[in-house]
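Student: Take a look at this one; I'll ask things after.
Derivation of every value follows stated rules applied to the coordinates shown; laboratory data play no part. Owing to the predicted nature of the structure, the values given are computational and were not obtained by experimental measurement. In this analysis, Cβ positions are derived from the backbone assuming ideal geometry, glycine residues included, and neighbour counts consider all displayed protein chains.
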Amino acid sequence: MIVKVKKTAISLVTGDITLQKTDAIVNAANSGLMGGSGVDGAIHRAGGPAILEECKKIVAEQGRLPAGKAVITSGGNLAARYVIHTVGPVWRGGNDNEAEILASAYLESLRLAEKRNLTCISFPSISTGAYGYPLKAAAAVAVAAVVKFAEEEAVSIKEIVFVLFGEVAYSEYARALEKISQQRYF
């Protein structure tokens, strides 16, 4: 599925984010940036030790990464040139600013890519694994944040891809993208 918002194509695919040939992939990281389980662990394993070394330097310089913020490292052994590490919120029932923090994780990642004049960025479904964010709600927040960025801020970014693990995630993101595109008429 592909939707064009101004000059930016937003698309959905199922697959492995570590295999994406793109300017940057986004890592759903933990605040320590040391790798972990799920997408985070897969990116660190596939990218090799260079990513971990860069993450250690970032943490030494600025401390742990707060939820909703983003930093960038090289792509190490990945096909992607860069990895943008962002921390999503842990789901606490929806009344602890989770939606705002999740939207910020996407927006801060996009802004960091824009600062580097990148043209293509790939996202996983942030916070929907170990952090327990309900998939349907996360998809709505993610799609709304990305569309807002494409409408209001995108200059260099021409392609935003959601790389989703499995058909259930793909279906939820497709519903969210279809719903927002019907509301906004693009």
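Student: Look at residue 105 and say whether it is surrounded by 18 or more Cβ atoms within 10 Å (Cβ to Cβ), farther than 17 Å from residue 43 by Cα and in contact with a Pro (Cβ under 9 Å, 6 or more places away or on another chain).
Tutor: yes
Student: Can you tell me how many residues in region 109-140 are farther than 26 Å from residue 81 by Cβ and surrounded by 24 or more Cβ atoms within 10 Å (Cβ to Cβ)?
Tutor: Count: 3.
Student: Here's a follow-up. For residue 14, state whether it is closer than 23 Å to residue 166 by Cα, of a type outside the set (A, V, I, L, M), crowded, with 21+ Cβ neighbours inside 10 Å and touching a residue at least 60 places away in the same chain (Cβ under 8 Å).
Tutor: When the stated conditions are applied, residue 14 does not pass them.
Student: Oh, and also: Cβ-Cβ below 7 Å, separation at least six or inter-chain, first residue in region 69-96 and acidic (Asp, Glu), second crowded, with 21+ Cβ neighbours inside 10 Å and assigned to a strand (DSSP E or B): which pairs?
Tutor: none
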